[in-house]
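The values are calculated or read from the model by the stated rules, or taken from the named source; none is laboratory data. These figures come from a predicted structure and were not determined experimentally. When we count neighbours, we look across all protein chains shown, and the Cβ atoms used for this are built from the backbone with ideal geometry, even at glycine.
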Amino acid sequence: MKLSTKGRYGVRAMFDLALNQGNGPIPLRSIAERQKISEHYLEQLIAHLRKEGMVNSVRGAHGGYLLAKEAEEITIGDIIRILEGPIAPTDCIADEVKEECENSADCVVKMIWKKMKDSIDEVLDSITLEDLRQEAINAKQKGDQHGYMYHI
């Protein structure tokens with residue numbers, strides 16, 4: 001399973017909002033510059049996140065985006081699922097199974113894909129934006145010059 005730029009850039013943008021929480025609305029241009037993401041592409045990602053209630057927009061000269069929830073309430077899994085869709089290595093174990101495979105009833109390897117999905121869900125749902133924010137703050141305090149940028 002490989003994440004597309006949607007998921008990776010979306011997490012970076014949300015991390016940036018969490019890191020700058022409390023500084024008022026953050027302009028998209030600022031996020032794009034800090035995270036080295038195309039502003040046009042970022043607009044598309046933020047639109048999905050706003051539609052799903054993860055970010056709020058503020059219009060005007062001093063407008064921008066804010067997290068719609070507290071950073072500790074937003075998991076990386078939430079962001080990835082909004083932007084990428086279900087997290088599953090195969091369709092037969094996706095959260096929203098559209099069609100059952102004809103071999104589903106006696107499929108031995110389905111157990112492998114289910115365990116893999118459950119493990120990925122567990123990891124992604126155990127990490128919040130607040131966890132990333134704290135990690136960045138701790139790295140910066142230790143003098144790690146790469147503590148601010150997260151490459152996902």
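Quick check, is SER30 among the small types (Gly, Ala, Ser), surrounded by 13 or more Cβ atoms within 10 Å (Cβ to Cβ) and touching a Lys or Arg at 6+ places or on another chain (Cβ under 8 Å)? Spelling it out, it is not the case that SER30 is among the small types (Gly, Ala, Ser), surrounded by 13 or more Cβ atoms within 10 Å (Cβ to Cβ) and touching a Lys or Arg at 6+ places or on another chain (Cβ under 8 Å).
On the given criteria, is ASP95 buried (at least 16 other Cβ atoms within 10 Å of the Cβ) and either of a type outside the set (A, V, I, L, M) or at pLDDT 95 or above (or both)?
Details: buried (at least 16 other Cβ atoms within 10 Å of the Cβ): no; either of a type outside the set (A, V, I, L, M) or at pLDDT 95 or above (or both): yes.
Taking the combined requirement at face value, the residue does not satisfy it.
Considering only segment 1-13, I want to know if a residue exists there that is within 30 Å of TRP113 (Cα to Cα), in a loop (DSSP other than H, G, I, E, B), without any contact (Cβ under 8 Å) to a residue 40 or more places away in the chain and of a type outside the set (A, V, I, L, M, F, W, C). Yes, some residue in segment 1-13 is within 30 Å of TRP113 (Cα to Cα), in a loop (DSSP other than H, G, I, E, B), without any contact (Cβ under 8 Å) to a residue 40 or more places away in the chain and of a type outside the set (A, V, I, L, M, F, W, C). None of LYS36, LYS51, LYS114 is within 23 Å of LYS2 (Cα to Cα) and exposed (fewer than 14 other Cβ atoms within 10 Å of the Cβ) except LYS36.
The set of residues from segment 14-29 being in contact (Cβ under 8 Å) with a residue 24 or more places away in the chain and farther than 24 Å from THR75 by Cβ comprises GLY24, PRO27.
Could you identify the single residue in GLY63, GLY77 that is surrounded by 12 or more Cβ atoms within 10 Å (Cβ to Cβ), small (Gly, Ala, Ser), modelled with pLDDT of 85 or more and over 21 Å from the mean Cα position of the chain (by Cα)? Show your work before the answer.
Working: GLY77 fails: over 21 Å from the mean Cα position of the chain (by Cα).
None of the other options fit; the residue is GLY63.
Residues of segment 47-86 that are part of a loop (DSSP other than H, G, I, E, B) and of a type outside the set (D, E, K, R): GLY53, MET54, GLY60, ALA61, HIS62, GLY63, ALA68, ILE74, GLY85, PRO86.
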